[in-house]
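Asker: Sharing a structure here in structure tokens format.
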Amino acid sequence: MKSPSPGGTAANPDDLLILLSVARTGRFTTAAESLGLNHTTVSRRIAALEKALGGRTLARTVGGWDLTDLGRRAVRAAEDVETAVATIVAGDEDADKIAGVVRISATDGFSAFIIAPAVAQLRRKHPKLSVEIVNVTRRALQHRSGLDLEVVVGEPQVHRAEAIRLGDYTLGMYASRRYLDEFGTPAGVAELGAHGLVYFVDSMLQVDDLDAPRRLVPGMSDALSSTNVFVHVEATRAGAGIGFLPCYMADRHPDLVRLLPGDFAERLPYWMVLRPDSLRQPAVAAVAQALRNRTAAVQEALLGAEVLES
């Protein structure tokens, strides 16, 4: 049944579901592929919906398409339609609202240490849930088209978004035992200048809070740089230089030694950012809560407490 619009015409529920798919993916082409339609059909159906509703539902952004205020109201209605259809298909008692695809943007380390085990545990109860992770280390986006939530380092400065602090983690200086045997163990900050740094590519680093090693030891030259923190860990283990690493990743490797913990214990926060309407989606709300629970459960490891207290 079609619902009347302010203009007196009717909005097609099928068009609402197409808008929902565009809102979740941020792109007409991706939504079309997921729906088994072509790009032209999706564009035409969105235009028909906007005509029925009497206004624009989507606005073009750098990353794709974002919802307008009218679009957000329409998506809430579309979610109700989606839930109702799922209930009819599955039956009232069997319908699991924690289902479908949740898309997350997060750093490499957080994705592996927090998101992966949290989602694995959640899917044991909700097998129809699917999570897609895009690994990036950047500031929170102002327009998060195609993403249900982001996890970023440092407090985000965003508008029209819900920002939740998850917890803190610590970074420290590490070197492999073989590297220290060959080149010696730095006795203080001044001696670090003679060693190469394994860390992020300076020119591509988008998060100001992650500039600690170059700020604290400007004399260290770059030995090996990468946008991937797993490369930092493995390069440090291989003896490429001294790595500035998350303690929760480095402490898992007995061949790595933490250096000068009293001088290098950079504590940074993880924040989760969501669109205001995202938590109304049961699947997104469940994933968000699972990430909060997992982060709290491993907070000691994130801070590297075992090393600092030994």
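The values are calculated or read from the model by the stated rules, or taken from the named source; none is laboratory data. Remember, predicted model here, so these are calculated numbers, not experimental data. Heads up, the Cβs are rebuilt from the backbone with ideal geometry, glycines too, and the neighbour counts pull from every protein chain shown.
Residue-by-condition table, conditions (1) modelled with pLDDT of 90 or more; (2) of a type in the set (D, E, K, R); (3) under 28 Å from S130 (Cβ atoms):
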| residue | (1), (2), (3) |
| --- | --- |
| P6 | no, no, no |
| A23 | no, no, yes |
| R27 | no, yes, yes |
| A32 | no, no, yes |
| L35 | no, no, yes |
| V42 | no, no, yes |
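Asker: Now for a different question. Being within 30 Å of L58 (Cβ to Cβ), in a strand (DSSP E or B), modelled with pLDDT of 90 or more and among the hydrophobic types (A, V, I, L, M, F, W, C) is the requirement here; does V198 meet it?
Answerer: Details: within 30 Å of L58 (Cβ to Cβ): no; in a strand (DSSP E or B): yes; modelled with pLDDT of 90 or more: yes; among the hydrophobic types (A, V, I, L, M, F, W, C): yes.
For V198, the condition - within 30 Å of L58 (Cβ to Cβ), in a strand (DSSP E or B), modelled with pLDDT of 90 or more and among the hydrophobic types (A, V, I, L, M, F, W, C) - is not met.
Asker: Select from segment 140-155 the residues that are in a loop (DSSP other than H, G, I, E, B) and crowded, with 18+ Cβ neighbours inside 10 Å and write down the one among them that is modelled with the highest pLDDT. Give the steps one after another, and end with the answer.
Answerer: At the first step, the residues of segment 140-155 found to be in a loop (DSSP other than H, G, I, E, B) are 140-148, 154-155.
Pick out the ones that are also crowded, with 18+ Cβ neighbours inside 10 Å and you get 140-141, 143-148.
Details: A140: 69, L141: 64, H143: 53, R144: 51, S145: 56, G146: 67, L147: 79, D148: 86.
That would be D148.
Asker: Give the residues of segment 254-307 that are at pLDDT below 95, of a type in the set (V, I, T) and over 30 Å from H126 (Cα atoms), sorted by residue number.
Answerer: Hit for segment 254-307 is V307, nothing else.
Asker: May I ask you to verify whether T185 is modelled with pLDDT of 85 or more, of a type in the set (S, T, Y) and part of a strand (DSSP E or B)? Spell out how you get there, then give the answer.
Answerer: Numbers: modelled with pLDDT of 85 or more: yes; of a type in the set (S, T, Y): yes; part of a strand (DSSP E or B): no.
The answer is no for T185.
To keep it simple, each residue is scored yes or no on (1) of a type in the set (D, E, K, R); (2) outside the structural domain of V153 (by TED's automatic domain parsing); (3) surrounded by fewer than 17 Cβ atoms within 10 Å (Cβ to Cβ).
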site: N228; (1), (2), (3): no, yes, yes
site: L245; (1), (2), (3): no, yes, no
site: P254; (1), (2), (3): no, yes, yes
site: A286; (1), (2), (3): no, no, no
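Asker: Another question, if that's okay. Is it the case, given these coordinates, that R177 is modelled with pLDDT of 95 or more, farther than 30 Å from Q289 by Cβ and among the charged types (D, E, K, R)?
Answerer: Numbers: modelled with pLDDT of 95 or more: yes; farther than 30 Å from Q289 by Cβ: yes; among the charged types (D, E, K, R): yes.
Yes; evaluated as a whole, the condition is true for this residue.
Asker: Just checking, which of A265, A250 is touching a Lys or Arg at 6+ places or on another chain (Cβ under 8 Å), crowded, with 18+ Cβ neighbours inside 10 Å and within 30 Å of S203 (Cβ to Cβ)?
Answerer: Details: A265 fails: touching a Lys or Arg at 6+ places or on another chain (Cβ under 8 Å).
The match here is A250.
Asker: Which residue pairs have Cβ atoms under 8 Å apart, sit 6 or more places apart or on different chains, and have a first residue in segment 24-53 that is in contact (Cβ under 8 Å) with a residue 60 or more places away in the chain and a second that is of a type in the set (S, T, N, Q) and part of a helix (DSSP H, G or I)?
Answerer: If the second residue must be of a type in the set (S, T, N, Q) and part of a helix (DSSP H, G or I), the pairs left are T25/S34.
Asker: Something else about it: Could you grab me the full set of residues in segment 269-283 that are buried (at least 16 other Cβ atoms within 10 Å of the Cβ) and of a type outside the set (G, A, S)?
Answerer: Initial filter on segment 269-283 (buried (at least 16 other Cβ atoms within 10 Å of the Cβ)): 270-275, 277-279, 281-283.
Across segment 269-283, the qualifying residues are Y270, W271, M272, V273, L274, R275, D277, L279, Q281, P282.
Asker: So S203 passes all but one of these: (1) of a type in the set (S, T, N, Q); (2) buried (at least 16 other Cβ atoms within 10 Å of the Cβ); (3) without any contact (Cβ under 8 Å) to a residue 24 or more places away in the chain. Which condition number does it fail?
Answerer: Answer for S203: the failing condition is (2).
Asker: OK, next. Condition (residue is in a loop (DSSP other than H, G, I, E, B) and surrounded by fewer than 14 Cβ atoms within 10 Å (Cβ to Cβ)) applied to segment 165-180: is it met by at least one residue?
Answerer: Keep residues of segment 165-180 that are in a loop (DSSP other than H, G, I, E, B), which gives none.
The answer is no; no qualifying residue exists.
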